[in-house]
Every structure is written in structure tokens, then in C-alpha cells.
Amino acid sequence: MNDTAPAVHPLADVRERLDAIDQQLLELLQARNRIIGEVIAAKIERQLPIFDGAREDEKIARFRSEAAARDLDPDWAEDFLRMVMSSSRARQSRGRFPRPPGPPRRVLLVGGAGAMGTLYRSHFERSGHPVRVLERGDWLHVQALAADVDLAIVCVPIGHTPEVIRRLAPHLPAQAVLADFTSTKRGILECMLAAHPGPVLSLHPMHGPDTTLGRQLMLYCAARDAAAGAWLIEQCRLWGMRTAAVVADDHDRVMHQIQGLRHFGTLLHGAFLRHSGLQPDALLQYSSPVYRMELAMTARMFAQDARMYADIVLADAERRQLLQDYLALQQGFARMVADNDREAFVREFREIAAFFGDYAARARQESAYLVERLSERFA
């Protein structure tokens with residue numbers, strides 16, 4: 001009979017101590033969450049924003065310094081603290097929000113049952129603002145829905161936005177703020193100014209619906225009676241958003257590149273992958289972390305609504321002309337490939353590198369950080 005005791009793993013004692021420390025970390029995070037509950041109540045009472053950039057910067061600088069004093073990597077310490085603070089903001093975003101001084105405002109969301117409308121409806125309501133929703137089947141009741149509102153936001157696909165604005169505007173009170181959520185500004189602003197005699201404020205939330213609003217960016221153009229819409233910009237700040245006033249033409253010129261060209265390039269990448277017949281899972285087996293990130297950013301677009309992207313990419317004649325110029329440029333590169341012209345490739349590469357200048361090195365550093373985090377989480 002063999003009554004020898006089972007062998008003890010040589011690291012058992014060390015692992016037990018590590019497990020105990022991990023439990024202490026969880027208990028400390030739980031205690032921190034309880035304090036966050038007190039912070040939320042204080043912010044609501046004192047009308048303070050969910051996101052306080054100066055406070056976070058101060059905490060991060062101090063945390064990095066204290067980590068270094070303890071022989072810990074300051075970059076790692078910053079990452080850890082940022083994740084903890086991000087979790088705190090997300091928790092704050094699940095409860096009530098502060099609102100600007102004055103009474104609650106009555107809000108009408110046209111298209112409020114869509115993804116973006118639902119996100120903002122939740123935030124308005126949790127800030128104490130009554131919300132009404134007007135959807136496609138509700139136009140028989142538009143007069144009642146629009147009566148006495150303080151704000152109407154049109155958040156429908158951009159291709160339908162001008163028609164909806166013209167249809168809605170006659171039913172709005174003269175003092176109501178008319179706003180939109182579209183990614184182009186000049187044409188929409190002209191339409192709102194022509195249709196509504198009261199305050200006009202054009203908004204562009206620079207995020208999708210699958211997020212919290214803390215740290216997100218809201219661009220806005222105050223076209224008429226900026227004071228009337230100031231409460232809404234302040235409400236965005238209280239939700240923790242960053243806000244920036246923009247000029248319509250400047251906004252559209254940049255968005256042609258950021259949205260139109262970027263999404264069109266993604267469409268071409270996805271189309272060629274489909275043409276090649278290689279399935280994503282097969283590509284991932286051979287992918288570096290960099291390509292995995294690129295593939296994820298391509299595939300991400302195709303998990304969303306095709307008509308929405310058609311509206312964005314083909315938004316107006318100026319954007320479509322930009323895309324034609326982009327395709328025309330590719331013809332020169334096609335000749336370079338057909339001719340196996342390596343000198344032309346090197347010349348183009350160097351000229352483009354000079355165009356990016358110092359940003360190229362900074363982008364390499366930033367993207368390396370993203371790739372490392374992606375590898376840690378999903379590799």
C-alpha cells in the first residue's frame with residue numbers, strides 16, 4: 001500500500017500569497033466603488049460634471065510619481081489607474097446626472113427609438129428632462145408632440161434629415177432650439193435656418209451608440225441665438241463630454257477625410273478581402289497584432305448599418321468628388337505596380353513620410369501601445 005502524501009507544488013506557498021493579495025486588491029476596488037457612490041451624489045447635488053479632466057490629470061501625475069518611488073513602472077501604473085477611473089465613470093453614467101441651473105427642459109427626439117436616440121434619451125431623462133419621441137408612424141401626432149418643447153433634435157439618417165426638418169419645423173414653438181445629429185453641417189444648417197425662425201444649433205456627436213458619453217467629443221455650430229442653446233452644451237459637459245465649437249465649412253472639409261474617405265477605404269479593403277475568398281478566421285491564424293487590429297477596424301464597420309454608411313460616404317457632391325479624386329490617384333499607383341517601379345515606390349514613400357513629419361514617429365509610439373494592449377487582451 002502506497003500511503004505517500006501527494007507532492008506539493010514548489011510554488012504553492014508563493015501562489016497562495018499572491019492569491020491573498022489579489023483578494024485584497026478586489027476588496028480595495030470594492031471599497032473604492034462605495035466611495036464613488038458618494039462622489040456621484042455630491043456631483044448631482046452640486047451640478048458638477050461626470051468627467052473632470054484637470055482632476056484626472058492631477059491624479060495620474062501623482063500616481064505615476066508614487067509608483068516610480070515604489071520601483072513600479074509608471075506607464076503600467078497609469079494604465080491601471082486609467083482603467084479604474086474609466087470603470088468609475090461608467091458606473092456614474094448608469095445613474096442620475098446633474099443638469100444645468102434652471103428648470104428641466106422638454107426634449108423632442110425625432111428618431112429617438114434609434115440607437116443614438118435611445119442613448120441620448122436615457123441621458124436626458126436621467127438628468128431630469130422629460131423626453132418625447134417622434135418616429136416614422138407618429139406624424140399624425142406631431143403637433144401634440146412638438147407643442148411647448150424647449151429642444152427638438154433630429155437624429156435620423158442624414159439622407160432623410162432635410163425632409164424631416166422641413167416637416168417638423170412648422171410645429172415647433174418659435175423659442176424652441178432646433179438641432180440635428182448629422183455628420184455634415186453646411187447644408188443642414190442652411191435647411192434649419194430656412195425652416196425655423198428660432199434658435200438653431202447643429203450637433204455632431206463624435207462617437208457611436210455603443211459607448212458611455214464620458215470623455216466623448218461633441219462638436220457644435222451655434223447658427224442662431226447661441227444663448228438659447230447654451231444650456232444644452234453645458235448639459236453635455238455635465239455628462240462628462242468634451243465640447244468644441246466649429247465652423248461649418250471647416251467641419252465639413254475635415255469630415256470628408258475623417259469619415260467619407262476613411263469609410264470608403266474600409267469598404268474597398270473589405271471588398272477585396274471578400275474577393276480573395278480568405279475568411280477572417282483564416283487570416284487571424286497568421287496575423288501579427290498590427291494586422292489583427294487593422295482587420296478588426298475593417299470588420300467593425302460591417303457589423304453596422306449599410307444605409308447609414310452609404311449616407312455618410314455619399315453625403316454630398318463635394319464628398320463624392322473627393323472619393324473620385326482618391327480613385328484617380330490609385331491609377332498612378334496601379335501603373336507603378338504593373339511596371340514593378342521600385343524607385344517610384346521609394347520616392348512616393350519618402351514624400352508621404354515627409355508629409356507626416358514628426359507625427360509619424362508619434363503615431364508609431366501610440367499605435368504600438370494599442371497593439372500591446374490588444375495582444376494582452378485578445379491574443
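Residue count for the range 124-167, restricted to those that are under 25 Å from the mean Cα position of the chain (by Cα), of a type in the set (Gly, Ala, Ser) and not in a loop (DSSP other than H, G, I, E, B): 1. Beta carbons closer than 7 Å, at least 6 apart along the sequence or on distinct chains, pair a first residue in the range 181-205 that is in the same structural domain as residue 228 (by TED's automatic domain parsing) and modelled with pLDDT under 95 with a second that is polar (S, T, N, Q) and surrounded by fewer than 21 Cβ atoms within 10 Å (Cβ to Cβ) for 183/259. Of the residues making up the range 71-85, at least one is in a loop (DSSP other than H, G, I, E, B), among the hydrophobic types (A, V, I, L, M, F, W, C) and closer than 22 Å to residue 369 by Cα.
For the range 88-108, filtering for residues that are farther than 15 Å from residue 60 by Cα and hydroxyl-bearing (Ser, Thr, Tyr) leaves 1. Any residue in the range 42-59 that is in contact with a Phe, Trp or Tyr (Cβ under 8 Å, 6 or more places away or on another chain), assigned to a helix (DSSP H, G or I), β-branched (Val, Ile, Thr) and at pLDDT below 90? Yes, the conditions are met somewhere in the range 42-59. Answer yes or no: is there a residue in the range 326-347 that is under 21 Å from the mean Cα position of the chain (by Cα) and part of a helix (DSSP H, G or I). The answer is no; no qualifying residue exists. Scanning the range 329-343 for residues that are closer than 23 Å to residue 261 by Cβ and either touching a Gly at 6+ places or on another chain (Cβ under 7 Å) or among the small types (Gly, Ala, Ser) (or both) yields a total of 2.
The values are calculated or read from the model by the stated rules, or taken from the named source; none is laboratory data. Owing to the predicted nature of the structure, the values given are computational and were not obtained by experimental measurement. FYI the Cβ positions are ideal-geometry reconstructions off the backbone, even for glycines, and counts take in every protein chain you see.
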